[in-house]
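Since every read-out is calculated from the coordinates, none of them should be taken as a lab result. On a predicted model such as this, the values are computed, not experimentally measured, just so you know. All Cβ positions, even for glycine, are placed from backbone atoms using ideal geometry, and neighbour counts span all protein chains on display.
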Amino acid sequence: MDSFVRKLTKFDDFLAKGEAWVLIAFVATMTVVVLLQVIYRYLLTRPLHWSEELARYLFVWISLLGASLSVQKRGHFGMDFFYRMLPEKGRRFFLFFTYLLMGAVMVVLLIYGIGLVQKTAAQQSPAMEISMGWAYACLPVGAALMSIHLLVIMLKEAVTKK
């Protein structure tokens, strides 16, 4: 079991590095697009019709991928105050319950996100004329990545706290 968890942890770390690189690329792209929009709108007085839409979609993707990376790094805020007040057994139950709730939210996001992508795949965005499925795909992708990170965290907790 330990070697399986170690391999899964390596995969999880590899996935997180990939997410980080995609986030860097998306933030850089969004920055350039917004800068171009400002230049074109205020200096050249010819606004780019697609830039605001692209920046919006990138921002949503950045939010979901960032949330996923934050799960892997355990960077989300928690109820530390209550956690520290509990005895060891209470802490383990609290963590298990928290992970269970997070997992339930991820499953809901994944299922409804897939449905939303399917429903919007035929629609086109107004300015860029791309499938709206791409814009909404951040929900199931982010939920799947968060689920993987959460599963690895839970397995590591189970192996180390025997």
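What nm distance separates the two modelled labels at Arg46 and Lys73, each placed 7 Å from Cα along Cα→Cβ?
Those two pseudo-labels are separated by 4.1 nm.
Order the peptides 66-77, 34-45 from the highest to the lowest mean number of other Cβ atoms within 10 Å of their residues. Write down the numbers at each step before the final one.
On the way: 66-77: 15.4, 34-45: 12.2.
In decreasing order of mean packing, 66-77, 34-45 become 66-77, 34-45.
Could you please state, rounded to a whole Å, how far the C-alpha centre of the range 77-134 is from the C-alpha centre of the range 52-72?
14
Show me the ranking of peptides 136-142, 17-23 by mean Cβ neighbours inside 10 Å, starting with the highest. List each step's numbers first, then the result.
On the way: 136-142: 20.9, 17-23: 14.0.
Result, highest mean Cβ count within 10 Å first: 136-142, 17-23.
Going by alpha carbons, how many degrees (0 to 90, nearest 10) lie between the helix axis of 88-120 and the longest principal axis of the chain?
With rounding to tens, the tilt is 30 degrees.
Apply the Karplus parameterisation 6.51 cos²θ - 1.76 cosθ + 1.60, with θ equal to phi minus 60°, to every residue of the range 47-54 and state each ³J(HN,Hα) to the nearest whole Hz, in sequence, with x for glycine and proline.
After applying 6.51 cos²θ - 1.76 cosθ + 1.60, I find x, 7, 6, 9, 5, 5, 5, 4 Hz.
Could you work out the percent of alpha carbon pairs in the range 2-160 separated by over 22 Å, rounded to a whole number?
Numbers: 6867 of 12561 pairs.
Summing the P(r) tail past 22 Å for the range 2-160 gives 55 percent.
Kindly provide the Kirkwood hydrodynamic radius of the range 18-110 in Å, to one decimal, from all pairs of distinct alpha carbon atoms. Don't skip to the end; give the middle numbers.
On the way: mean 1/r = 0.0614 Å⁻¹.
The Cα-based Kirkwood calculation yields 16.3 Å.
Rounded to the nearest 0.05, what FRET efficiency is calculated for Glu88 and Lys156 with R0 set to 30 Å and r the Cβ-Cβ distance? Provide the component values of the computation, followed by the final result.
Working: r = 17 Å, r/R0 = 0.58.
So, using R0 = 30 Å, E works out to roughly 0.95.
Per residue, what volume in Å³ does the Cα convex hull of the range 55-98 take up? Walk me through the numbers on the way to the answer.
On the way: hull volume 3.5 nm³, N = 44.
Expressed per residue, the convex hull around the Cα atoms of the range 55-98 is 79 Å³.
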